[in-house]
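So the structure is just underneath, and the comments pick up after that.
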2 protein chains.
Amino acid sequence: MKQTVAHRSPCPISRTLDIMGDKWTLVILRDITFFNRHTYAELAASREKIPTNLLADRLKRLVGAGLLEKVPYQDRPVRYRYQLTEAGQAIRPILMAMKKFGEQHLSGEGTKAP
Amino acid sequence: MKQTVAHRSPCPISRTLDIMGDKWTLVILRDITFFNRHTYAELAASREKIPTNLLADRLKRLVGAGLLEKVPYQDRPVRYRYQLTEAGQAIRPILMAMKKFGEQHLSGEGTKAP
DNA sequence: CCAGTAACTTTAAAAATGCAAGTTTATACT
DNA sequence: AGTATAAACTTGCATTTTTAAAGTTACTGG
């Protein structure tokens with residue numbers, strides 16, 4: 001089923017937020033982009049403990065939005081990996097900017113990866 | 001009342017998202033950063049039509065997080081403007097990255113400011 | 001006194017989130 | 001054959017957040 005994301009205005013920033021303006025989408029993209037986590041199980045196991053129903057939902061939205069693709073990487077048994085499309089890879093500068101911001105301005109008592 | 005934002009993990013990206021990982025925070029910051037909207041009324045009037053209770057809530061959170069400050073800019077009657085702190089100004093690269101992403105990858109049928 | 005404006009607050013209904021448990025499909029072990 | 005394990009989800013339900021709309025407070029200019 002195709003997931004269409006309605007947009008609030010034609011502004012490119014608000015349209016970007018229509019897709020990734022929530023608590024979890026960008027941490028999934030972070031895990032795929034920087035931490036090499038590509039399977040559902042790997043993503044579910046990451047430190048922030050995303051609820052699995054939200055993980056499933058966000059993956060669907062991201063696939064629907066064309067930022068990820070779900071690819072079987074083995075048969076017997078079939079297993080899937082979520083990988084970035086070209087558009088998905090273009091998220092990297094956003095993540096980098098957030099990383100830098102977090103490091104420079106949110107350093108409460110230690111900010112470390114992941 | 002002080003608004004403390006609990007964080008999910010020490011990762012600088014997830015900590016950044018703990019503050020601005022939602023549908024509205026970054027559009028408020030966009031309006032202040034790029035469109036010179038600084039008063040509650042100006043922010044409430046922007047194109048995406050943020051519900052006023054959320055605007056009030058987000059402004060409080062941003063002030064609490066040290067990204068904005070609420071400054072009276074006139075007496076009789078007293079009126080306030082929300083302005084970026086130094087940390088708040090550091091959001092700009094994030095917004096720029098989102099703008100670029102939106103323009104390049106979300107150009108459905110026309111993405112224009114605001 | 002009355003209308004108008006800025007800056008919020010309140011309310012109730014709708015939607016999203018969070019948590020735990022359950023399901024499905026497939027392989028491996030005994 | 002029967003049991004166990006694992007990946008990848010789904011379901012049900014309580015809690016929280018978001019939305020839309022209306023209401024409030026403080027002040028002012030006529």
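The values are calculated or read from the model by the stated rules, or taken from the named source; none is laboratory data. Since this is a predicted model, take the numbers as computed values, not measurements. Don't worry about glycine lacking a Cβ; one is built from the backbone with ideal geometry, like all the others, and counts go over all protein chains shown. Note: accessible area is taken over every heavy atom of the protein model, side chains too, but ligands, DNA and RNA are not part of it. Shrake-Rupley method; radii C 1.70, N 1.55, O 1.52, S 1.80 Å.
How large is Rg over Rh for the stretch B:29-93, taking Rg from the Cα atoms and Rh as the Kirkwood inverse mean of 1/r across Cα pairs?
On the way: Rg = 11.5 Å, Rh = 12.1 Å.
Ratio value, two decimals: 0.95.
Pairs of alpha-carbon atoms within less than 8 angstrom and 6+ residues apart define the contacts here; what relative contact order does chain B have, in percent?
Relative contact order comes out at 22 percent.
What's the carbon and sulfur percent of the stretch B:12-99's accessible surface, probe 1.4 angstrom, rounded to a whole number? Don't skip to the answer; put the middle values down first.
Details: 1980 of 4080 Å².
With neighbouring chains kept in place, the figure for the stretch B:12-99 is 49 percent.
Taking every pair of alpha-carbon atoms in the protein assembly as shown, what share in percent sits in each 10 Å bin, from 0 to the bin with the longest distance?
Result returned by the calculation: 8, 32, 35, 19, 5, 2, 0, 0.
What is the sum of charges, Lys and Arg at +1 and Asp and Glu at -1, for the other residues whose Cβ falls under 13 Å from the Cβ of residue A:57? Present the calculation step by step, with values, prior to reporting the outcome.
On the way: positive: A:23, A:58, A:60, A:61; negative: A:22.
Taking every other residue near residue A:57 into account, the sum is +3.
Computed over the Cα atoms, what is the radius of gyration of chain B divided by 2.2 N^0.38 Å, N being its residue count?
Numbers: Rg = 14.9 Å, N = 114, 2.2 N^0.38 = 13.3 Å.
Ratio of Cα Rg to 2.2 N^0.38 Å: 1.12.
Defining a contact as two alpha carbons under 8 Å apart and six or more residues distant in sequence, what relative contact order in percent does the stretch A:43-106 show? Working shown, then result.
Values: 43 pairs, mean separation 12.5, N = 64.
Relative contact order of the stretch A:43-106: 19 percent.
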